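Working notes, beginning with the structure itself.
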Amino acid sequence: MKGAGSFRVGVRFRFSFGHKLYNSHAGKYRNIHGHNAKVEVVVEGNLQPSSGMVFDFGRLKGIARDIANVFDHCLILNEKDIELRQALRKRGLKLYIFEGEPTAENLAIDIGRRFLKALVPFGVRPVLVRFYEDDDSWAEVDYNTIIADSSDKE
């Protein structure tokens, strides 16, 4: 089958998490609260003649599942929230310590970086990550932001 060129495929996954903003928000979001997140990731690559696919959906879903497991039923805290983090660690709670504020925008970038790392060996790249905190509120990040943020972390 013909089909040279670049194609996009995507995956959607969900997880539940809690978070709070450390000091960037004076309102109610500085309190611990939770969300049922939905994430959509679009990846781009060339159609592989041998398989007729850009990337195997089963493998893409597996990457999504691994990433979701990092955050699922976890409390995400800013690394500066030391007192709270120490108190909760003593109780054995699942925490993810975030560099900076755990906003929807920053979580979208983090998830994009995780997909980028997993996909690079296969010649596929994440071109869009849309992170929904709920049905009505989302943040979206594209490849250029993901790659720029990734180079800052190296």
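Laboratory data are not the source of any read-out in this text; all were calculated from the coordinates shown. Since the model is a prediction, treat every value here as computed from it, not as a measurement. Positions of Cβ are generated from backbone atoms using ideal geometry, with glycine treated the same way; all protein chains shown enter the neighbour counts.
When only Cα pairs below 8 angstrom with a gap of at least 6 residues are kept, the chain shows a relative contact order of 26 percent. In whole angstrom, note down how far apart the Cα centers of region 102-131 and region 32-85 are. What the calculation gives is 8 Å, centre to centre. Per-residue ellipticity at 222 nm, computed for the chain from helices alone with -39500 (n - 2.57) per DSSP H run of at least four residues, works out to -10500 deg cm²/dmol. In this structure, the amide hydrogen of Tyr96, modeled 1.01 Å from its nitrogen in the peptide plane, lies closer than 5 angstrom to those of Leu75, Ile76, Leu77, counting only residues at least 5 positions away or on a different chain. Using the beta-carbon distance between Asp66 and Ala26 and R0 = 25 Å, what value does 1/(1 + (r/R0)^6) give for FRET efficiency, to the nearest 0.05? Once the sixth-power term is evaluated, E becomes 0.10. Within the listed set Arg14, Arg89, Arg125, the residue fluctuating most in the Gaussian network model of the chain (springs between alpha-carbon atoms under 10 angstrom) is Arg89. At the listed q of 0.24 Å⁻¹, the Debye profile of region 1-90, built from one uniform point per Cα, gives log10 I(q)/I(0) equal to -1.15.
For region 28-41, putting each phi into the Karplus relation 6.51 cos²θ - 1.76 cosθ + 1.60 with θ = phi - 60° gives couplings of 5, 6, 7, 8, 5, 8, x, 9, 9, 7, 10, 10, 10, 10 Hz, in residue order, rounded to whole numbers and with x for Gly and Pro.
Taking the DSSP beta bridges with both ends in region 7-132, the antiparallel portion is around 75 percent. Summarising the amide proton neighbourhood of Val54: residues at separation of 5 or more, or on other chains, whose placed amide H is nearer than 5 Å comprise Gln48. 3J(HN,Hα) couplings calculated from phi for region 93-109 with the Karplus curve 6.51 cos²θ - 1.76 cosθ + 1.60 (θ = phi - 60°) are, in sequence order, 7, 6, 10, 10, 8, 9, 7, x, 6, x, 7, 4, 5, 5, 5, 4, 5 Hz; Gly and Pro show x. When the listed pairs Lys38/Lys61; Lys28/Lys61; Lys90/Lys117; Lys20/Lys80 are checked against a 23 Å cut-off, the alpha-carbon distance exceeds it for Lys28/Lys61; Lys90/Lys117. Calculated on the Cα set of the chain, radius of gyration then Dmax: 17.1, 59 Å. Relative to the Cα centre, the charge distribution of the chain, modelled as +1 at Lys and Arg Cβ and -1 at Asp and Glu Cβ, gives a dipole magnitude of about 560 debye.
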